[in-house]
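Have a look at the structure below, then the notes.
The values are calculated or read from the model by the stated rules, or taken from the named source; none is laboratory data. What you see is a predicted model; the values in this text were computed from it and never measured. Virtual Cβ from ideal backbone geometry, glycine too; neighbours counted across all protein chains shown. In case anyone asks, the SASA skips ligands and DNA or RNA and just uses the protein heavy atoms, side chains included. Shrake-Rupley method; radii C 1.70, N 1.55, O 1.52, S 1.80 Å.
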Amino acid sequence: MVIAGRLRALREAKHLSQGDIEKRTGLLRCYISRVENGHTIPAIETLEKLARAMEIPIYQIFYDGVEPPEPSQIPKQKSVNGLGWGRTGKDARVLHRLRDLLSRIKEPDRTLLLHMAKKMARPARHPTALSKRAGS
């Protein structure tokens, strides 16, 4: 789906001008025009602002049906014993404790923690590959 045309159609259906959207979002009218003409691809945060300005749920930007689409069925991951991780026993207690602690920390600390976890989860590079790269 071409988001540019969809955004323009939704705005016009609400009888809003680009200037109205500018006032409601703080985005420049020329930027809104570039998005609607397909010259710029907006970030998801920008799409959220535009949806709020037009007083529509964000899914309507991507879906032109009347009712929200049915959520797709995501296959459940299985652990070795056939149950999903964190559903029973010690794993469930650890997951519950982690969720409890994460709910108590401030957003900047949560962001830092997530960044560190991503770095730790990234596959380690082989030391010889690093030394070859440094020598070349």
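Observations, loosely collected:
- In region 40-93, the residues that are over 30 Å from residue 20 (Cα atoms), at pLDDT 75 or above and open to solvent by less than 100 Å² (accessible area, probe 1.4 Å): 88, 89, 91, 92
- Candidates 133, 97 - the one that is surrounded by 10 or more Cβ atoms within 10 Å (Cβ to Cβ) and either modelled with pLDDT of 85 or more or in a helix (DSSP H, G or I) (or both): 97
- Under the condition of being over 13 Å from residue 64 (Cα atoms) and loosely packed, with under 15 Cβ neighbours inside 10 Å, the residues counted in region 6-27 number 7.
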